[in-house]
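All remarks here apply to the structure that follows.
The values are calculated or read from the model by the stated rules, or taken from the named source; none is laboratory data. What you see is a predicted model, and the numbers here were worked out from it, not measured in a lab. Neighbour counts are summed over all protein chains in view; Cβ atoms, including those assigned to glycine, are modelled from backbone coordinates with ideal geometry. Protein only, heavy atoms only, side chains kept; ligands, DNA and RNA dropped before computing areas. Shrake-Rupley method; radii C 1.70, N 1.55, O 1.52, S 1.80 Å.
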Amino acid sequence: RGQGWASAFLREAFADFRAREEFLMLEVEDPDFGENREERLRRSAFYRKNGALDFSGVRYLLPPLQGHQTTEMRLMIAPNYPTDTIDAALVRHIVTGLYHDLYGRPAGDSLLQSFLSEIREPVHLR
């Protein structure tokens, strides 16, 4: 920690995404939940310092990777999204894709549905 390696890596990765005109979605532990609040705050600040933006007001639950425990997360996007808002339908589509592609869960998954309908227009990036 503190050597700048992770920041250098992110700068390179973000430059690659920028060149392809693509964006990276980040699932970051929500500092408002869990026992390791300071570590979670530092992690969120690290990503923001390196150019990521929070999806303001979007509740996101990481499905259980083992057992039954979900994890409250924040969604972030990088690099340099061209506007300060994103259409809620697009965010719902992205979240559904994350659940399907990363976690093998269907669009009708009850956990996904428990927060998907809460995503309202417009989604602000901060």
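Per residue and in Å³, how big is the convex hull formed by the alpha-carbon atoms of the chain?
Convex hull volume per residue, Cα atoms: 119 Å³.
Find the relative contact order for the chain and round it to a whole percent, using C-alpha pairs within less than 8 Å whose residues are 6+ positions apart.
Rounded, it is 27 percent for the chain.
Which residue, 73, 94, 83, has the largest displacement toward the positive end of the dipole of the range 41-105 when charges sit on each Cβ (Lys, Arg +1; Asp, Glu -1)?
73
Largest first, what is the accessible-area ranking of 99, 47 with a 1.4 Å probe?
Result of the area sort, largest leading: 47, 99.
So which trypsin sites (Lys or Arg not before Pro) in the range 1-106 end up in coil per DSSP with only 11 or fewer other C-beta atoms within 10 Å?
In loop regions of the range 1-106 (DSSP not H, G, I, E or B), the sparsely surrounded trypsin sites (Lys or Arg not before Pro) are 1, 20.
Return the calculated 222 nm mean residue ellipticity for the chain, to the nearest 500 deg cm²/dmol, obtained by summing -39500 (n - 2.57) across DSSP H runs with n ≥ 4 and dividing by the residue count.
So the calculated ellipticity at 222 nm is -13000 deg cm²/dmol.
Could you pull out every residue, at least 5 positions away or on a different chain, whose amide H is within less than 5 Å of the one on residue 24? Hs are placed 1.01 Å off N in the peptide plane, and Pro or chain starts have none.
Under 5 Å from the amide H of residue 24 lie the amide H atoms of 78, each far enough along the sequence or on another chain.
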